[in-house]
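Here the structure comes first, spelled out in structure tokens, and everything after it is commentary.
No value in this document is a laboratory result; all are computed from the given coordinates. In this text, all values refer to a predicted model and were calculated from it rather than measured experimentally. All Cβ positions, glycine included, derive from the backbone under ideal geometry; neighbour counts span all protein chains shown.
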Amino acid sequence: MRIKIFLPALFLLISGCAMSPGMKMSSGSVAPGVEIIPITPALIAEQTKTGFKDIPTELTAAGDNDKYEYRIGPRDILTITVWDHPELTIPAGQFRAADTEGHRVAEDGTIYYPYAGKVSVAGKTQAEVREILTEKLARQIANPQLDVKVVSFRSQKAYVVGEVATPGFQPITDVPLTVMDAVTRAGGVTPEGDMTHVTLSRDGTVHVINLLDIYQRGDLSRNILLRNGDVLNVANRNRRKVFVMGEVTTPSSLYIPRGRMSLSEAISDVGGINPGTSNPARIYVIRGTAEQPQVFQLNAKNPAALVLGDQFQLRPRDVVYVATAGVARWNRLIENLLPTASLLWDITNIDTNINYRNF
């Protein structure tokens, strides 16, 4: 009879269904070389300790604003005032440069000044240029008193691009220009910007700056002084996503806000774990690294784990996975099995009726 054929088929379907429903993750299923790391108070302490990276010394050395002095470059405009000698100072004077705004520094870094001739000023401070001119004019003028100022800063600039309100260049002047200053002058970071991932390109090297670290810690020594040719790029926040999957109310991807996002916050933002199908003891965070993925596990059955979950900070592109409870896998097996069993029963019943009629 055909019922003998359908019974083995039903057994095979049951065996197959027992393997398919409910994704499960355990230490035995992890790829070789990947260790499951329990989320503990010690791990939280280590994460907090390593959360702030030191700025390279070559950058912090440049950030000493107290010692900053602007150095003149080509295309800068200078004004030179010689007291008691208006013919060397008044714009209409015969010895005044053609550019009525002042003396323009040539591309070779020099200016021409009466009684001093051609003077190299590029790379020098205003005080240094004043000393040079004083020495040269002393040959023609008794005890010359003069002043040198840069009235137009044209030689040096830094660029602020990416997710800021007004991208563009900003001149380097006699007022120190820091990272925070540059971002503020550019209108601030847009809602699509990532304040934790601002890159500074300098001399072929790219440095990553976390503006939030500067704001939160108040360590202004990390507020790097910009130089000529620096490019400051505020990244888009699209890279700052985490993915919450498994037995949660609404699996989805989440943006990490301008602050930080903890494991508990991420789970809460998707509606929490499913109490009927989840296994609170197996909440995982899968984190990709340059060497190999890291897998962290939180046992939320322990009341103390609620505090740990709130302290464990997620990173961009982390995957949060809440495992399935054993009873949920069994329920899904039954749900998948019942339609198949009903179909087999209907077919068997039809076959029996046909055989009965033939009998």
- Query: Can you work out the FRET efficiency for the pair Ala165 and His207, with r the C-beta to C-beta distance and R0 = 22 Å, to the nearest 0.05?
  - Reply: 0.45
- Query: For region 70-212, what class follows from the C-alpha gyration tensor (a ≥ b ≥ c being the square roots of its eigenvalues): rounded when a/c is under 1.5, otherwise prolate if a/b is larger than b/c, else oblate?
  - Reply: prolate
- Simple SL model, points at 7 angstrom along Cα→Cβ for Thr190 and Ile141; separation in nm is 5.2
- Task: Step through the table entries Lys118/Lys149; Lys157/Lys241; Lys124/Lys157, compare each Cα-Cα distance with 24 Å, and write down the pairs that go over it.
- Result: Lys157/Lys241
- Sum up the charges of everything whose Cβ sits under 12 Å from the Cβ of Asn236, counting Lys and Arg as +1 and Asp and Glu as -1, but leave Asn236 out. +1
- Task: May I ask you to list the residues of region 270-292 whose amide nitrogen lies under 20 Å from a point 7 Å from Cα along the Cα→beta-carbon direction of Thr199?
- Result: 288-291
- Message: What distance in nm lies between label points placed 7 Å from Cα along the C-beta direction at Thr173 and Val151?
- Response: 1.5
